[in-house]
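These notes are about the structure you will find just below.
The values are calculated or read from the model by the stated rules, or taken from the named source; none is laboratory data. In this text, all values refer to a predicted model and were calculated from it rather than measured experimentally. A quick note on method: Cβ atoms are made from the backbone with ideal geometry, for glycine too, and the neighbour counts reach across all protein chains shown. In case anyone asks, the SASA skips ligands and DNA or RNA and just uses the protein heavy atoms, side chains included. Shrake-Rupley method; radii C 1.70, N 1.55, O 1.52, S 1.80 Å.
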Amino acid sequence: MQFVEERSFKLDSAFDPAGDQPKAIQELTDGIRSGRKHQTLLGVTGSGKTFTVANVIRNLNKPVLIISHNKTLAAQLYSEFKGFFPENAVEYFVSYFDYYQPEAYIPQTDTFIEKDSSINDEIERLRLSAMSSLLSRRDVVVVASVSCIYGVGEKRDFEDMVIRLAVGEEFSRDRFLARLVEIQYERNDVQFDRGNFRVRGDTVELRPAELSEAIRVEFFGDEIDRITRFDPVSGNILESLPAIIIFPGKQFVTPMENIKRASKSIRQELVLRVAELEKEKKLIEAQRIKMRTEYDLEMMMEMGFCSGIENYSRHLNARAPGSRPSTLLDFFP
């Protein structure tokens with residue numbers, strides 16, 4: 001089954017470039033093809049700069065990252081490029097926290113304030129959609145905020161953990177269920193939310209983390225008999241699919257062998273850090289970090305995930321101290 005879809009950008013507009021636009025489009029296109037690293041497009045508000053850039057994107061036919069300095073402008077650009085490229089993958093990647101309070105500890109009173117955050121479910125879906133599109137096709141425009149330079153899951157792990165299914169393929173139902181759990185999907189036969197799956201006999205239904213529709217996989221013995229995409233609210237079938245790629249349910253996914261390997265280096269660092277704090281007579285802090293880290297390790301070993309797993313990314317990805325984490329930029333070819 002082909003993993004990366006080769007499609008061309010198709011610009012949809014009722015207008016043709018006019019005035020200085022044809023010259024700007026040609027110069028920008030030539031500049032990028034010749035390896036020029038920095039170019040600036042000047043123009044007053046309403047002069048068609050976004051349309052000009054859309055034409056450059058069509059000419060180059062490569063995945064594009066557009067970085068905006070705030071969410072509001074990013075949303076505006078996302079809407080505009082979505083209109084220019086309705087048949088291509090235009091994605092939106094901004095911070096998914098509506099509210100975030102980091103954890104805090106006051107040793108004088110032994111008060112620990114848990115990390116508290118509110119994640120916007122729709123923005124999380126759009127982030128996962130951007131990561132999935134970059135792995136599965138080339139006609140992608142990602143409109144992002146500065147959030148794109150912060151750590152996300154390792155591209156290699158994200159790519160290795162996808163599930164590829166095709167009608168007529170030998171793939172047992174039990175194996176499929178085990179793989180769904182492995183890539184951080186949760187079974188819920190009552191509440192059919194994004195990132196959940198439910199089982200009805202030889203039929204498995206799931207809500208992909210990056211889509212608004214649902215997928216139904218029907219088995220006949222150990223063979224995949226039928227794959228359909230359907231509306232999770234009405235239950236109406238939208239289309240039959242010959243094959244499908246199911247991406248992980250969370251941004252931070254790690255194979256169990258990585259977790260087992262990382263647990264050793266995490267414990268080694270924990271021993272050093274606890275000794276350091278005890279030497280400074282910070283006994284409460286030492287007890288707190290030991291308790292928290294051991295709890296996180298237990299969750300990762302049992303569930304394959306823990307709250308704040310990104311804090312252990314260096315160990316999970318076997319990176320050297322001080323090295324940068326994997327970001328959205330690494331998902332571009």
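Worth pointing out:
- Helix-only arithmetic for the chain: the sum of -39500 (n - 2.57) across DSSP H runs with n ≥ 4, divided by the residue total, places the mean residue ellipticity at 222 nm at -11500 deg cm²/dmol.
- Using all pairs of distinct alpha-carbon atoms, the Kirkwood hydrodynamic radius of the chain works out to 22.8 angstrom.
- Using a probe of 1.4 Å, the accessible surface attributed to residue 69 totals some 150 Å² when neighbouring protein chains are kept in position.
- For the stretch 168-287, the pair-distance distribution built from all alpha carbon pairs, in bins 5 Å wide starting at 0, is 2, 10, 16, 17, 13, 9, 6, 6, 6, 5, 5, 3, 1 percent.
- The slack between residue 301 and residue 323, meaning 0.36 nm per residue of separation minus the straight C-alpha distance, is 5.4 nm.
- Remark: relative contact order (the chain) = 16 percent; criterion is Cα-Cα distance under 8 angstrom and separation of 6 or more residues.
- Our estimate of slack between residue 108 and residue 189, defined as 0.36 nm per intervening residue step minus the Cα-Cα distance, is 24.5 nm.
- Efficiency of FRET between residue 39 and residue 159 - r from beta-carbon atoms, R0 35 angstrom, step 0.05: 0.65
- At R0 = 41 Å, FRET efficiency that the Cβ-Cβ distance of residue 181 and residue 27 yields, to 0.05: 0.20
- Heavy-atom accessible surface of residue 160, to the nearest 10 Å², is about 100 Å², with a 1.4 Å probe and all protein chains retained.
- Gyration tensor verdict on the stretch 73-207 (Cα atoms; rounded if a/c is under 1.5, prolate if a/b is larger than b/c, oblate otherwise): oblate
- Taking the Cα centre of the chain as reference, the dipole from Cβ charges on Lys and Arg (+1) and Asp and Glu (-1) amounts to some 1120 debye.
- Listed cross-link partners 10/155; 115/260; 37/71; 115/290 are compared with a 21 Å cut-off, the Cα-Cα value being larger for 10/155; 115/260; 37/71.
- Span from the the stretch 185-232 Cα centroid across to the the stretch 262-305 one, whole angstrom: 38
- Positive-pole candidate from 34, 51, 96, dipole of the stretch 25-155, charges at beta carbon: 34
- Rounded accessible area of residue 73 (nearest 10 Å², 1.4 Å probe): 60
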